[in-house]
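Let me begin by presenting the structure, written as structure tokens, before commenting on it.
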Amino acid sequence: MSRTKKEDVRLSAKANRYFSWPLYLWVIPVLAAAMIYPLDKKSALIVLIAAGIQLAVSAVIYIFRKHGLEEELVHYAMGLSKATRLMLKELDLPYAILDGEGRFVWVNDAFAEVVNAEKVTRFSVSEFFPEITRKSYPKEDAEAELHLAYGEQNYRVVLKRTMDSEAQEKAGAGRNRSEFVSMYLYDETEIMSLIHENESQRMIIGLIYIDNYDEAMESIDEVRRSLLSALIERKIAKSMSGIDAIIKKLEKDKYLIIFKSQYLEELEVSRFPLLDEVRAVNLGNEVAVTVSIGIGIEHSSYIQEYDFARAAIDLALGRGGDQTVIKEGENIRYYGGKSQSVEKQTRVKARVKAHALKELVEAKEQVFIMGHQIGDIDVLGAAVGIWRICQTLGTEAHIVLNTISTSLAPFVDRFKENQEYPDNLFVTGERAQSMVNEDTMLVVVDVNKPSYTECPELLESIGTIVVLDHHRAGSEVITNAVLSYVEPYASSACEMVAEVLQYTDAKVKLKPVEADAMYGGILVDTNNFQTKTGVRTFEAVAFLRRNGADITRVRKLFRTDMNEFKYKATAISTAEVFMDHYAFARCIGTGIPNPTILGAQVANELMDINQIRASFVFTPYQGKTYISARSIDEMNVQVVMEKIGGGGHMSVAGAQLAGTSVDEAVDIVKQVLTEMRENKEID
């Protein structure tokens, strides 16, 4: 039966009930006559006659007029339905009806024109809009909204549950009406274009700092200093003029820039060529000039945007300079960072930090000192140096140490066996938490990532925190420190603490066992003075030697047993070379208490191979895969490690991958290197 006949049947039934109701009214006068009859028979007879006349007239009208009135109503209803369907069909708004499987049941002309297809009902919506799936359908009495692109147009798609009977009939009489969905397409191409244009015209704030202005000027004769300064400024001005930027010189080595956001993508694609252009400036200066750029993006407030730019430039400087950092909310992007950090000749900063540390220690009753997880000799040496400052100033101090590696054990045993040191010199993280009070300070050494610390809970329970570290800062940093001394140019945390010791004005005198530990920290982190070694490194070593550090004694403490030596030799012998220049090795130290130290040693050894630009050693330990990355000067391994959640220095970096096997970790690093080569981040 066709749809029209069905509607006729339904409408006829309703009309029949409506027109037949006068026929039943004769019952009322009959009942009235029955009630009157005992009182007045004549009146009752008159009422019955009137009821009969009324019934006869109603019957005549019902019989002769019913069909014509029904037909008129049916034609009116059908005409209204056809008008509605015609209106939907010719509606300018693209409109369609989908069934439960996502197939088109019906579309209007505007929708068919959008998808540019004949007999659209043969297709599924996902063939035109892959983003729309059954999961996109709205729930009962609700609607779903999506923003999609089709062709060159952008649409706001609205999906609503529908009760359309025509759709149900076309899809099948047995289908539930709630399965059908109405789909509306609202063209928002022009709106999106205006939004994009508005965003592209928004001003972005940035800061440019010359990292080593003073050092570069001191490395050139006085006659050419003004020329070098002018040439650097010209490079910056020319680069910024290319993006129609406003540039304002704040100080001799600091600039404020403002430019339209439409140029930001262009700068990111070209990876900020200003970094390379300034580094190439050479007028006889022994020190290459480098700049750092910090850019903040915050659409709601220019004040917040400037604060983001300052945070970005601080992060760039904290990572060693010669790079660009873009901070957009919590998202941080890095570019550059190809140069080694330049050692600062002035010690003003070290002296200022030392005085500030002294004041903080004197004001506290108790100090805890901790480093990173699985602490190494650099952690121990730096912690011992801070402990000696606290002892000299009369403040109780403890070193937080949970795990003692085999390489660290000989140094720790020397302290434990020495009667001059208290029994609670070393405490676990759990014990430290139970000892915390309101008058406690925490000093974090050799790490600036909260999650990498020996006991992250202490960072939350202690209000006064000091950070001393030589690793380049990443996106995850300790943010609530009252004093932060992070210098990427330093060879080790022990070097930094050795300088602080000399400027505390408290006449700090190290014991030989303490000087040995600090010397050992510098020795390990510089790989026997082969990497990241500067003038201040040797000056720190000279200070330690004057305080009793013995080179021979330290060397004996670093000797390993035959088992560890064999594991290291095995790891080196099984190394593979990836992309001609990158060495990969697996350090499976079964039975060794702390194989991660061994992995770092293997990574150092691999860098002695010709044509190797970087080495990566993978060590499984306690449910994680530890990655030790090393390079000399041809590659920034810190950037590689940051892409997988790690960090470190340009030539010494690492990462920890939880729940990842060694083979999976190797594949991850290979994928990162491949992508970096495709993006021309590496050769």
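The values are calculated or read from the model by the stated rules, or taken from the named source; none is laboratory data. This structure is a prediction, so every number in the text was calculated from the model and none was measured. With ideal geometry, Cβ positions are generated from the backbone for all residues, glycine too; neighbour counts draw on all protein chains shown.
Within region 517-540, restricting attention to residues that are of a type in the set (Val, Ile, Thr) and in contact with a helix residue (DSSP H, G or I) (Cβ under 6 Å, 6 or more places away or on another chain), which residue is surrounded by the most Cβ atoms within 10 Å (Cβ to Cβ)?
Across region 517-540, the extreme among qualifying residues is Ile522.
Consider region 361-411 and keep the residues that are closer than 15 Å to Asp469 by Cα, of a type outside the set (Asp, Glu) and in a loop (DSSP other than H, G, I, E, B). The one that is nearest to the chain's Cα centre (by Cα) is Gln373. Within region 288-300, the set of residues being closer than 20 Å to Thr479 by Cβ and at pLDDT below 90 comprises Glu298 only.
Counting residues in region 469-488 that are in contact (Cβ under 8 Å) with a residue 12 or more places away in the chain, buried (at least 23 other Cβ atoms within 10 Å of the Cβ) and within 18 Å of Arg545 (Cβ to Cβ) gives zero. Here region 624-672 is the region considered, the condition is being within 25 Å of Leu315 (Cβ to Cβ) and acidic (Asp, Glu), and the residue that is surrounded by the most Cβ atoms within 10 Å (Cβ to Cβ) is Glu642. Can you confirm whether Val577 is in contact with a strand residue (DSSP E or B) (Cβ under 9 Å, 6 or more places away or on another chain), among the β-branched types (Val, Ile, Thr), modelled with pLDDT of 90 or more and outside the structural domain of Gly385 (by TED's automatic domain parsing)? Criteria met by Val577. Candidates in region 81-100 are the residues that are among the hydrophobic types (A, V, I, L, M, F, W, C) and at pLDDT 80 or above; of these, the one that is farthest from Leu185 (Cα to Cα) is Leu98.
Is it true that Val513 is within 29 Å of Gly329 (Cβ to Cβ) and either buried (at least 23 other Cβ atoms within 10 Å of the Cβ) or of a type in the set (A, V, I, L, M) (or both)? For Val513, the condition - within 29 Å of Gly329 (Cβ to Cβ) and either buried (at least 23 other Cβ atoms within 10 Å of the Cβ) or of a type in the set (A, V, I, L, M) (or both) - is not met.
Among the conditions (1) surrounded by 16 or more Cβ atoms within 10 Å (Cβ to Cβ); (2) under 25 Å from Val269 (Cβ atoms), the only one that Glu675 does not satisfy is (1). Within region 542-571, restricting attention to residues that are among the hydroxyl-bearing types (Ser, Thr, Tyr) and in contact (Cβ under 8 Å) with a residue 24 or more places away in the chain, the residue that is nearest to Pro595 (Cα to Cα) is Tyr567.
To keep it simple, each residue is scored yes or no on (1) at pLDDT below 65; (2) over 30 Å from Leu159 (Cβ atoms); (3) charged (D, E, K, R).
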site	(1), (2), (3)
Asp8	yes, yes, yes
Val27	no, yes, no
Met35	no, yes, no
Gly52	no, yes, no
Leu55	no, yes, no
Gly79	yes, yes, no
Gly102	no, no, no
Asp109	no, no, yes
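Conditions tested, residue by residue: (1) assigned by TED's automatic domain parsing to the domain that holds Ile668; (2) modelled with pLDDT of 90 or more; (3) buried (at least 22 other Cβ atoms within 10 Å of the Cβ).
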site: Arg546; (1), (2), (3): no, yes, no
site: Phe584; (1), (2), (3): yes, yes, no
site: Ile597; (1), (2), (3): yes, no, yes
site: Arg613; (1), (2), (3): yes, yes, no
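Each row is one residue, and each column tells you yes or no for (1) aliphatic (A, V, I, L, M); (2) within 24 Å of Ala653 (Cβ to Cβ).
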| site | (1), (2) |
| --- | --- |
| Phe368 | no, no |
| Gly375 | no, yes |
| Gln391 | no, no |
| Val436 | yes, no |
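Of all residues in region 246-280, those satisfying the criterion of being hydrophobic (A, V, I, L, M, F, W, C), closer than 17 Å to Tyr302 by Cα and touching a Phe, Trp or Tyr at 6+ places or on another chain (Cβ under 8 Å) are Ile246, Ile247.
From (1) touching a Gly at 6+ places or on another chain (Cβ under 9 Å); (2) within 25 Å of Val467 (Cβ to Cβ), pick out the condition that doesn't hold for Gly534. Looking at each condition in turn, Gly534 falls short on (1).
Of all residues assigned to region 451-461, none qualifies as being surrounded by fewer than 20 Cβ atoms within 10 Å (Cβ to Cβ) and part of a loop (DSSP other than H, G, I, E, B). Do the conditions hold for Ser261, that is, is it under 26 Å from His196 (Cα atoms), in contact (Cβ under 8 Å) with a residue 60 or more places away in the chain and in contact with a helix residue (DSSP H, G or I) (Cβ under 7 Å, 6 or more places away or on another chain)? Against the criterion (under 26 Å from His196 (Cα atoms), in contact (Cβ under 8 Å) with a residue 60 or more places away in the chain and in contact with a helix residue (DSSP H, G or I) (Cβ under 7 Å, 6 or more places away or on another chain)), Ser261 qualifies. Checked against (1) of a type in the set (S, T, N, Q); (2) over 24 Å from Gly329 (Cα atoms); (3) in contact with a helix residue (DSSP H, G or I) (Cβ under 7 Å, 6 or more places away or on another chain), Thr189 passes all but condition (3). Set side by side, the residues Thr440, Thr504 differ, and just one is at pLDDT below 85 and more than 22 Å from Thr526 (Cβ to Cβ), which is Thr504. In region 318-332, which residues are crowded, with 21+ Cβ neighbours inside 10 Å and either free of Cβ contacts under 8 Å to residues at least 40 places away in the same chain or not in a strand (DSSP E or B) (or both)? Within region 318-332, Gly318, Arg319, Gly320, Gly321, Asp322, Val325, Lys327 qualify. Scanning region 280-307 for residues that are touching a residue at least 24 places away in the same chain (Cβ under 8 Å) and either crowded, with 24+ Cβ neighbours inside 10 Å or of a type in the set (Val, Ile, Thr) (or both) returns Val281, Val287, Val289, Thr290, Val291, Ser292, Ile293, Gly294, Ile295, Gly296, Ile297. Of the set (1) under 30 Å from Leu501 (Cβ atoms); (2) at pLDDT below 90; (3) outside the structural domain of Leu459 (by TED's automatic domain parsing), all apply to Val352 but (3).
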